[in-house]
Amino acid sequence: MKLGVLAHTFGKRPTAELAQIIADNGFNSVQLALAKALSDMDSANGKLSPGFANEVGEQFASRGVKIAVLGCYINPIDPDPVSRRADINRFKEHLRYARDFGCSMVATETGERTTYRDTYPDTYDEKSWSVLKDTLEEITEEAEKWGVHAAIEPVATHTLHTHEHMTRLFEEIPSSNLGMLFDPCNLIKQHHTEDQGAFLREVMEKLYEKIIVIHAKDVAFNAQGEKYNPVPGSGILDYPLFFELLKTYKPHIDISLEGVNAEEAVPAAKHLREVWNAVKV
């Protein structure tokens with residue numbers, strides 16, 4: 001099982017210190033969000049370089065920790081064109097130097113679904129889609145230049161909020177360099193709990209060829225129907241089935257643990273590894 005962790009789970013620290021803590025806690029890979037995780041490296045727009053990336057990558061690699069994915073969570077549908085341009089430029093800069101960090105993908109979500117509801121009350125979904133498509137076409141073109149992947153993470157309340165939206169995205173931007181970061185807890189809505197197995201199977205069967213990285217957390221709904229993320233193993237996600245599907249469709253995919261704090265990370269990882277090892281396919 002290739003189980004890593006979000007690097008900033010252990011706080012924002014100097015690079016060498018953070019890499020050592022992650023290794024000491026038994027993780028051999030990370031999703032690294034530079035600005036959230038590294039206190040001694042200025043990753044502002046324009047500051048990245050091959051040397052910067054090599055320095056960070058070597059600090060992690062020397063401790064046996066691979067940078068599986070760079071997290072660069074921008075708002076690709078920001079209504080402010082100046083802010084959106086800065087975000088796009090930041091993401092493209094991460095793509096350019098991804099391989100110098102030792103990885104081949106950069107991840108983002110897609111902005112709140114209601115972003116344009118006030119200004120386009122009748123067509124806000126399509127307005128968001130149009131802006132998102134323009135942004136991702138530019139980002140994907142950059143990914144193609146450098147031979148890396150843009151990993152797009154759908155979320156139930158965002159512009160890409162169903163697996164059907166992901167299918168549409170891949171049809172409209174048919175690039176091998178555009179992939180999906182699949183977090184089942186982000187996509188699950190309350191009605192999916194009636195037949196969670198059917199939901200998980202449908203997503204995997206239809207999109208497995210485009211899924212390039214996984215997030216692992218848990219999900220539950222309170223009495224008011226509000227969604228929250230408990231520690232993995234204490235929610236409703238059917239991990240045995242999910243891992244069975246991963247072993248069948250994506251047996252060596254990188255998985256990043258999230259939704260935990262530093263104290264919860266090791267026991268949560270232990271639980272997930274036990275479930276993974278118990279699943280036979």
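The values are calculated or read from the model by the stated rules, or taken from the named source; none is laboratory data. Everything numeric in this text was worked out from a predicted model, so none of it was measured. Positions of Cβ are backbone-derived with ideal geometry, glycine not excepted, and every protein chain shown enters the neighbour counts. Note: areas computed on protein heavy atoms with side chains; ligands, DNA, RNA excluded. Shrake-Rupley method; radii C 1.70, N 1.55, O 1.52, S 1.80 Å.
Table for the structure above
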item: Distant-in-sequence amide H partners of Ser256 (H built 1.01 Å from N, under 5 Å); result: Gly4, Ile214, His215, Ala216
item: Antiparallel bridge percentage (DSSP; both residues within the chain; nearest 5); result: 10
item: Region 164-203: C-alpha gyration tensor shape, a/c 1.5 cut-off, then a/b vs b/c; result: prolate
item: Listed pairs Lys66/Lys189; Lys36/Lys247; Lys66/Lys270; Lys36/Lys189; Lys92/Lys227 exceeding 26 Å between Cα atoms; result: Lys66/Lys189; Lys36/Lys247; Lys36/Lys189; Lys92/Lys227
item: Over region 3-278, relative contact order from alpha-carbon pairs under 8 Å, at least 6 apart, %; result: 16
item: Size of region 74-193 as Cα extents on the principal axes (Å, biggest first); result: 42, 37, 22
item: Within region 212-256: backbone nitrogen closer than 13 Å to the Gln190 label point (7 Å, Cα to C-beta); result: 220-228
item: Greater than 29 Å apart at Cα, pairs in Lys12/Lys47; Lys47/Lys127; Lys12/Lys217; result: Lys47/Lys127
item: Bridge type composition, region 134-248 - antiparallel percent by DSSP, nearest 5; result: 25
item: Where labels lie 7 Å past Cα in the beta-carbon direction, separation of Glu144 and Ser62 in nm; result: 3.9
item: Length gained when the stretch Leu241-Asn89 is fully extended (0.36 nm per residue, less Cα-Cα span); result: 50.8 nm
item: Relative counts (whole %) of C-alpha pair distances in the chain, using bins that are 10 Å wide; result: 7, 29, 36, 24, 5, 0
item: Length gained when the stretch Ala278-Ala16 is fully extended (0.36 nm per residue, less Cα-Cα span); result: 90.9 nm
item: Radius 14 Å from Cβ of Pro174, net charge of other residues (Lys, Arg +1; Asp, Glu -1); result: -3
item: Calculated FRET efficiency for the pair Tyr73/Ser130, C-beta based, R₀ 22 Å, to 0.05; result: 0.55
item: Choice from Asp218, Asp118, Asp40 showing the highest fluctuation, given a GNM over the chain with Cα pairs closer than 10 Å; result: Asp118
item: Estimated FRET transfer efficiency (Ala220, Ser49; beta-carbon r; R0 51 Å; 0.05); result: 0.75
item: Inter-site label distance for Glu112 and Tyr208 at 7 Å from Cα along Cβ, in nm; result: 3.7
item: Rounded FRET efficiency, nearest 0.05, which uses the C-beta distance separating Thr157 from Asp122 and R0 of 22 Å; result: 0.65
item: Amide H contacts under 5 Å for His149, placed H, 5+ residues apart; result: Met105, Val106
item: Region 71-130 and region 249-281: distance between their alpha carbon centers, rounded to Å; result: 28
item: Choice from Val82, Val231, Val203 with maximal GNM fluctuation in the chain (Cα, 10 Å cutoff); result: Val82
item: Net lengthening on full extension, Asn229/Ala23 (0.36 nm per residue, minus Cα-Cα); result: 71.6 nm
item: Carbon and sulfur %, accessible surface of the chain computed with the full protein complex present, 1.4 Å; result: 47
